[in-house]
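Peer 1: Handing you this structure, nothing more for now.
The values are calculated or read from the model by the stated rules, or taken from the named source; none is laboratory data. Since we're looking at a predicted model, the values are computed, not measured. Every residue, glycine among them, receives a Cβ derived from its backbone with ideal geometry; neighbour counts consider all protein chains shown. Surface accessibility is based on the protein's heavy atoms, side chains included, excluding ligands, DNA and RNA. Shrake-Rupley method; radii C 1.70, N 1.55, O 1.52, S 1.80 Å.
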Amino acid sequence: MNFHGTEVRQKALVLLRGGAKNADVARKLNVPNGTISYWKHMDRAKRGECPGRHEPKCPRCDGRELDKPAYSYLLGLYLGDGHISHYSEHRVPNLMITCTESWPGLMDDCEQAMRAVFPENSVCRVRRTGCRNVKVYSKHLHCLFPQHGPGKKHERSITLEPWQQAIVDAHPWDFIRGLIHSDGCRITNWTTRMVAGERKRYEYPRYFFTNKSDDIRKLFTNALDLVGVEWTTLARGSDPFNISIARKASIALMDAHVGPKY
């Protein structure tokens with residue numbers, strides 16, 4: 001093993017303090033580049049020259065401006081297909097929204113919303129079989145998503161804080177769009193009718209939102225009521241998990257503000 005004495009280290013630090021590049025110093029003194037980088041870091045730390053720790057501001061803790069439409073949309077995504085976790089090897093927790101590969105536009109919208117709500121934080125996409133997880137890392141996730149807790153969402157109470165409800169009330173379409181993009185869909189139904197003795201086929205669009213949580217479905221229908229969209233509950237067996245939107249005027253509103261996944 002090759003050890004480098006104090007004299008070599010001091011020569012390296014003199015060159016580095018003079019502005020020499022790490023790689024040039026490594027070649028000149030025949031020292032591994034990683035060792036030079038470590039010496040430089042320790043020298044800067046000893047002299048108090050290391051850059052300050054990255055501490056993104058939080059709208060709740062620090063009063064930073066919050067992009068409210070983007071937050072309303074991201075909240076809808078979170079309540080549907082999102083969850084917060086904290087891996088032991090990471091300093092901060094992450095919010096992960098699972099998006100299928102079939103809807104790249106939805107994935108782009110999700111990432112854009114994350115970057116708008118957390119402009120100083122790391123956002124990434126992780127490929128999985130048939131989908132990608134869009135993730136943002138922040139130690140303030142619990143501040144902005146206080147609905148996080150142990151267990152599945154439909155097994156615990158989900159209520160919005162007053163400040164969250166105020167945002168949803170001000171931007172209901174963004175919230176509805178996030179919920180549809182997570183646990184909803186726009187489909188084309190069909191039926192047949194007898195017209196002048198002849199059976200004809202008719203097609204008509206319909207929106208569905210499906211979620212096991214009574215609380216989340218209530219948040220969805222409250223937002224629909226706010227924007228004047230008529231809805232009905234359809235039971236699957238004995239479970240009323242499906243919210244249906246089928247009236248022509250309501251479909252027109254949904255198409256104008258939400259539209260199909262893409």
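Peer 1: With 10 Å bins from zero, work out the P(r) of the stretch 213-252 over every alpha carbon pair and list the percent per bin.
Peer 2: Distribution as computed: 30, 53, 17 percent.
Peer 1: In addition: Within 10 Å, count the other beta carbons around each residue, average over each peptide in 110-121, 196-207, and list them highest first.
Peer 2: The packing order, highest mean first, is 110-121, 196-207.
Peer 1: Continuing with the same structure: Would you please state the base-10 log of I(q)/I(0) at q = 0.15 1/Å for the stretch 28-182, with intensities from the Debye formula using one equal scatterer on every alpha carbon?
Peer 2: Log-scaled intensity ratios, in q order: -0.82.
Peer 1: Can you give the direction-averaged projected area of the convex hull of the alpha-carbon atoms in the stretch 155-258, in nm²?
Peer 2: 8.0
Peer 1: As a test of the definition: which semi-axes, in Å, follow for the stretch 97-206 when you take the square root of five times each eigenvalue of its alpha carbon gyration tensor? Largest first, please.
Peer 2: Values for the stretch 97-206, descending: 36, 19, 14 Å.
Peer 1: Here's another thing I want to ask about it. Need the full-extension length gain, Lys46 to Thr100, defined as separation in residues times 0.36 nm minus the C-alpha distance. One decimal, nm.
Peer 2: That pair, Lys46 and Thr100, stretches by 14.6 nm at full extension.
Peer 1: Now for a separate question. Normalised by the number of residues in the chain, what is the relative contact order in percent for Cα pairs under 8 Å and 6+ residues apart?
Peer 2: 15
Peer 1: By how many nm would the segment from Cys61 to Asn189 grow when fully extended, if each residue of separation counts as 0.36 nm and the alpha-carbon distance is taken off?
Peer 2: The span from Cys61 to Asn189 would gain 41.3 nm if fully extended.
Peer 1: OK, next. Would you mind getting the accessible area per residue of the chain, heavy atoms of the protein chains only, 1.4 Å probe, in Å²?
Peer 2: Each residue of the chain exposes 57 Å² on average to a 1.4 Å probe.
Peer 1: So, one more: Normalising by the residue count of the stretch 136-209, find the relative contact order in percent from Cα pairs under 8 Å and 6+ residues apart.
Peer 2: 21
Peer 1: Related question: Given the Cα-Cα distance of Gln10 and Gln112 and 0.36 nm per residue of separation, how much length would full extension add, in nm?
Peer 2: Between Gln10 and Gln112, full extension yields 31.9 nm more.
Peer 1: When all C-alpha to C-alpha distances in the chain are sorted into bins of 5 Å, what percent of pairs does each bin hold, rounded to whole numbers?
Peer 2: Final binned percentages: 1, 5, 10, 13, 13, 11, 9, 7, 6, 5, 5, 4, 4, 3, 2, 1, 1, 0, 0, 0, 0.
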